[in-house]
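Below is one structure, written out as structure tokens, with a few remarks after it.
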Amino acid sequence: MKLNKLSSALMVFAAVGVMALPVSQAFAAPDQAKIAERKAKKSQAVGEKVGKAIGKAYELYGQNKLNEALALLTPLEPSAAFDRAYLYNFMGKLYAEKEPEKAISYLIKAMKEDVLSFNDQAGGLKLIGDLYLSNKKYQEAISYYNKWSDFTGETDPNVDMRIANCYYEMKQYQKVIEPADRAIAHFKAPRKEPYMMKVGSYYELKQPKKAIGVLETVVSVFPEEKSAWIQLANFYNLDEQYDRALAVMELSYKQGFLTKENEIKLLANLYVNNNIPYRAAEVLEKHLKSGLLKKERGVLSTIASSYSSARNFEKAAEYYGMLGQMENDGEFYRRQGSALLYANLNAEAVTALLKALEVGVKDKGKVHVDLISAYFYQGKMAEAYRQVELARKNGQEKMAASWGPYVKERAGKKGIKLN
């Protein structure tokens, strides 16, 4: 949100009165009669000695001989107030690109004489504000921007933006809003910067609903502004308006705005928060395969758990298996086995569950209980009953007591002897 410093060349160009300022409604209630009088005042002519020196200095500056130009002007000590002001104003513009603090000193002396033409006086006041801003002296910059406004009776949205920026840098966020609003009102063509400065201020003030109001305007005024859509979704999410956050992110996705890893992850998280797990898994999987997302624990885990929540257990098992292999983590193999059980892939479930025991899990009893099911539904009663005994030994007495008689009964009907 910081504004760029003015280029030194532009500052010097302003010295010869070329810069034009947009004129609009005043906001500081200046003295209009005094302004009209100053505008009507006839221009004075600079004295011959000072005029010749400034002319020569300007030639030197045009030859990139700034030091020589300043050396020529520094010894001059004009007695006339207008000559002093004109000389100091010109030297201030020259120093602007070399020594901003010295430039400010000369410009302030020129302004204090208060005899320059209307345009020169106005330009000098604004330039002092710009120099203070570039030197991060924000309160002083605001003071001179206000002096410029009082002197000219004009409002310039660019000046308002600089005032807003000063308040933002000083962390006086509530004071950012008024100049930002003036800038919005006076720019001939809409610009996003003052809106975004308001958004940043409301965020710092912990007023997400007001930030949302601004961003809703931004996306209507600048519908192609990708970052605004994503910020709006983030603020809806921050304000726990998950349905609206998802609607905005879905629209952004359809428009092709979501091109970064964190943006796709946010969309997936919003699908999860809105109880649409299948879409969460599908989006993540698509961009994992495209290479936008990295094959990392968080992404794979969300895909696996989302597919599981959506009851697509085969896909869930696929990703839990990836995690188990990548992390060498028995817990992921256990989850893979459980998902395969739900998918009625019992032989595959046995392989995953045995791998879980091999790698190591905290609760072996749960794995043995799942193995009971996996063997039982394959008709392998001896293996199932062995898992009953192992489940009992590993803290799953109730499940063992429940399964034991059932396995024995089925084994008996099949004529299978159990140890």
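Since every read-out is calculated from the coordinates, none of them should be taken as a lab result. Because the structure is predicted, anything quoted here is derived from the model rather than measured. Cβ coordinates were reconstructed from backbone atoms using ideal geometry, including for glycine residues, and neighbour counts include every protein chain displayed.
Summary table below
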quantity	calculated
For residue 394, distant residues with modelled amide H under 5 Å away	none
Degrees separating the helix 81-95 axis from the principal Cα axis of the chain, which is the longest one	30 degrees
Correct choice for P(r) over Cα pairs in 20 Å bins from 0, in percent that was computed from the model, options (1) 26, 54, 19, 1; (2) 20, 29, 21, 16, 10, 3, 0; (3) 15, 24, 30, 19, 9, 3, 0	(2)
Rg to Rh, two decimals, where the range 269-311 supplies the alpha carbon set and Rh follows Kirkwood	0.95
Where the Cα pairs of the range 99-150 fall when distances are cut into 5 Å bins, in %	5, 24, 34, 25, 10, 2
Taking the chain and dividing mean pair separation by its residue count, relative contact order in percent (alpha carbons under 8 Å, at least six apart)	8 percent
Kirkwood-based shape ratio for the range 144-184, expressed as Rg/Rh from alpha carbons	0.98
Relative packing of peptides 286-298, 172-184, 238-250 - highest average C-beta neighbours within 10 Å first	172-184, 238-250, 286-298
Folded to 0 to 90 degrees: helix 242-254 orientation relative to the chain principal axis, Cα	80 degrees
Length-normalised contact order of the range 225-356 in % [C-alpha pairs under 8 Å, at least 6 apart]	14 percent
Karplus-derived HN-Hα couplings along the range 264-276 (A = 6.51, B = -1.76, C = 1.60, θ = phi - 60°), whole Hz, x at Gly and Pro	5, 5, 4, 4, 4, 4, 5, 4, 4, 5, 9, 6, 10
Ranking of 377, 319 by count of other Cβ atoms within 10 Å, fewest first	377, 319
Sites residue 414 and residue 290, calculated FRET efficiency, Cβ-Cβ separation with R0 41 Å, nearest 0.05	0.25
The range 342-392: projected area of the alpha-carbon convex hull, averaged over directions, in nm²	3.2 nm²
Cα shape, the range 161-219, gyration tensor, a/c 1.5 rule	oblate
Diffusion constant of the range 31-104 at 37 °C, which comes from Stokes-Einstein with the Kirkwood Cα-pair radius and 0.692 mPa s, µm²/s	243 µm²/s
Tensor-based shape of the range 52-142 (alpha-carbon gyration tensor, a/c under 1.5 rounded, otherwise prolate or oblate)	oblate
Dipole magnitude of the chain, debye to nearest 20 (Cβ charges: Lys/Arg +1, Asp/Glu -1, about Cα centre)	1160 debye
